[in-house]
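My structure is below; once you've seen it, I'll send some questions.
The values are calculated or read from the model by the stated rules, or taken from the named source; none is laboratory data. Values in this document were obtained by computation on a predicted structure and should not be read as measured data. Note that each Cβ is placed from the backbone with ideal geometry, even for glycine, and that neighbours are counted across all protein chains shown. For accessibility, only protein heavy atoms count, side chains too; no ligands or nucleic acids. Shrake-Rupley method; radii C 1.70, N 1.55, O 1.52, S 1.80 Å.
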Amino acid sequence: MAKNKKQNRWIVPDGQPLTDMDRRILSYQERGKLVPTRELIKTPEQIEGIRRAGVLNTAVLDTVAERIRPGMTTLEIDRIVYDYTTQHGGIPAPLNYEGFPKSCCTSVNDVVCHGIPNENEVLEEGDILNVDVTTILDGYYADASRMFVIGGQTQPRWQQLVDVAWECLKIGEEVCREPYVFVGDIGNAIQKHAHKNHMSVVRDLCGHGVGLQFHEEPDVEHYGHRGTGMLLVPGMVFTIEPMINLGHYQVCIDADDPTEWTVVTEDYEPSAQWEHTYVMTENGVEILTH
Ligand code: MF3
Ligand code: CO
Ligand code: CO
């Protein structure tokens, strides 16, 4: 049998001197680690473009936060997102993305993610809602989501779920306070925190590279083992977006959704998620969706 020669991903162009970054990445590659390709490293100009998309994306979420109230429908939230985004020169990335029919995702209670805004879905006090907004500005993408507790109060255990999901995002960020960490380091730390709180981590959906497209390499799983997954090096832009369940981690597609986008928990227990877009720098990650 022919030797199965592993393809190098990190390629130094012929005649180009090796930089410190090249050397560092090549040494991981030689040890069999998954390293990025050059295309995943954004230029400073691209990072500035994604940063501008991030500023608009944050303004959209802030506008939603100001207006959200009990009695509102999720379709009204979608309107706010569409109007604010387009009035400021942006495009809502979800709209018509692989058949997604609306401008943002609104995921209530046992909806894990990709909930579709709906005129018949009225927000009630005690509901927990994730609004996930992705904005395209001048061709650059930024992606973030937040949780909202409708009416300000919910059951203590649901509030805990919202808080733990937030802490999981911050713990993932903390792992990235320096470059040359692995995606699996993030996932491992998040998983430990969720389990400590007797909650579970969704496995079927993950964070992702972002910036020039909606979803790029790498997959950012929120569970797993340290030292696995892709190496994160300066210039990479990606999301962390842990989905944390109060019950079991298993999810399925909502049978009532003909578009087959809506992801729900199998056990009908609630789920919570927060998301930011980050750029890895020489000094660790910086949030682009503040
Ligand atoms: N914003 C989601 C994410 O964080 C993706 C939504 S895809 C859509 O990756 F089509 F449902 F909008
Ligand atoms: Co995302
Ligand atoms: Co998102």
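Name every residue in region 231-261 that is open to solvent by 60 Å² or more (accessible area, probe 1.4 Å) and closer than 14 Å to Gln191 by Cα, in order of residue number.
His248, Tyr249
When you look at Leu34, is it surrounded by 10 or more Cβ atoms within 10 Å (Cβ to Cβ), out of contact with any Leu (no Cβ under 7 Å at 6 or more places or on another chain), of a type outside the set (Asp, Glu) and closer than 18 Å to Glu217 by Cα, yes or no? Show your work before the answer.
Details: surrounded by 10 or more Cβ atoms within 10 Å (Cβ to Cβ): yes; out of contact with any Leu (no Cβ under 7 Å at 6 or more places or on another chain): no; of a type outside the set (Asp, Glu): yes; closer than 18 Å to Glu217 by Cα: yes.
Judged against the criteria, Leu34 is not a match.
What is the one condition in (1) farther than 21 Å from Val285 by Cβ; (2) part of a loop (DSSP other than H, G, I, E, B); (3) small (Gly, Ala, Ser) that Gly211 does not satisfy?
The single condition Gly211 does not satisfy is (1).
Additional query: Listed residues Glu173, Glu98; which is within 14 Å of the chain's Cα centre (by Cα), modelled with pLDDT of 95 or more and not in a loop (DSSP other than H, G, I, E, B)?
Details: Glu98 fails: within 14 Å of the chain's Cα centre (by Cα).
That would be Glu173, the only listed residue that is within 14 Å of the chain's Cα centre (by Cα), modelled with pLDDT of 95 or more and not in a loop (DSSP other than H, G, I, E, B).
Moving on. Out of all the residues in region 101-118, which are of a type outside the set (Val, Ile, Thr), within 16 Å of the chain's Cα centre (by Cα) and within 12 Å of Leu129 (Cα to Cα)? Spell out how you get there, then give the answer.
Start the filter on region 101-118 by keeping residues that are of a type outside the set (Val, Ile, Thr), which leaves 101-105, 107, 109-110, 113-115, 117-118.
Subset that is within 16 Å of the chain's Cα centre (by Cα): 104-105, 107, 113-115.
Once the filter is applied, which keeps residues that are of a type outside the set (Val, Ile, Thr), within 16 Å of the chain's Cα centre (by Cα) and within 12 Å of Leu129 (Cα to Cα), region 101-118 yields Cys105, Ser107, Cys113, His114, Gly115.
Restricting to region 263-279, give me the number of residues that are within 16 Å of ligand 2 (Cβ to nearest atom) and open to solvent by less than 30 Å² (accessible area, probe 1.4 Å).
Of the residues in region 263-279, the ones within 16 Å of ligand 2 (Cβ to nearest atom) are 263, 271-279.
The next check asks that each one be open to solvent by less than 30 Å² (accessible area, probe 1.4 Å); those that pass are 263, 271-273, 275-279.
Selection size over region 263-279: 9.
Here's the yes/no breakdown for (1) open to solvent by less than 10 Å² (accessible area, probe 1.4 Å); (2) closer than 21 Å to Cys206 by Cβ:
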site: Glu66; (1), (2): no, no
site: Leu75; (1), (2): no, no
site: Asn96; (1), (2): no, no
site: His114; (1), (2): no, yes
site: Pro117; (1), (2): yes, no
site: Asn120; (1), (2): no, no
site: Gly126; (1), (2): no, no
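Next question. Give the residue that is nearest to ligand 3 (Cβ to nearest atom), with candidates limited to residues of region 140-170 that are part of a helix (DSSP H, G or I), of a type outside the set (Phe, Trp, Tyr) and more than 20 Å from the chain's Cα centre (by Cα). Even if it seems obvious, please write down each step before you answer.
Quick first cut of region 140-170, residues part of a helix (DSSP H, G or I) only: 150-152, 156-170.
Next cut, of a type outside the set (Phe, Trp, Tyr) only: 150-152, 156-157, 159-165, 167-170.
The next check asks that each one be more than 20 Å from the chain's Cα centre (by Cα); those that pass are 150-152, 156-157, 159-160.
Values: Ile150: 20, Gly151: 24, Gly152: 24, Pro156: 27, Arg157: 25, Gln159: 22, Gln160: 23 Å.
Residue satisfying both the conditions and the ranking: Ile150.
Being in contact with a His (Cβ under 8 Å, 6 or more places away or on another chain) and farther than 19 Å from Ser107 by Cα is the requirement here; does Asp219 meet it?
Criteria met by Asp219.
Out of curiosity, is Ser103 of a type in the set (Gly, Ala, Ser), outside any helix (DSSP H, G or I) and within 30 Å of Arg157 (Cα to Cα)?
no
Related question: Of all residues being assigned to a strand (DSSP E or B) and surrounded by fewer than 24 Cβ atoms within 10 Å (Cβ to Cβ) in region 130-139, which is nearest to ligand 1 (Cβ to nearest atom)? Just the residue, please. Walk me through it before giving the result.
Just the residues of region 130-139 that are assigned to a strand (DSSP E or B), to begin with: 130-137.
Within this subset, residues satisfying the condition of being surrounded by fewer than 24 Cβ atoms within 10 Å (Cβ to Cβ) are 132, 136-137.
Working: Asp132: 4, Ile136: 12, Leu137: 15 Å.
Looking at residues that are assigned to a strand (DSSP E or B) and surrounded by fewer than 24 Cβ atoms within 10 Å (Cβ to Cβ), I get Asp132.
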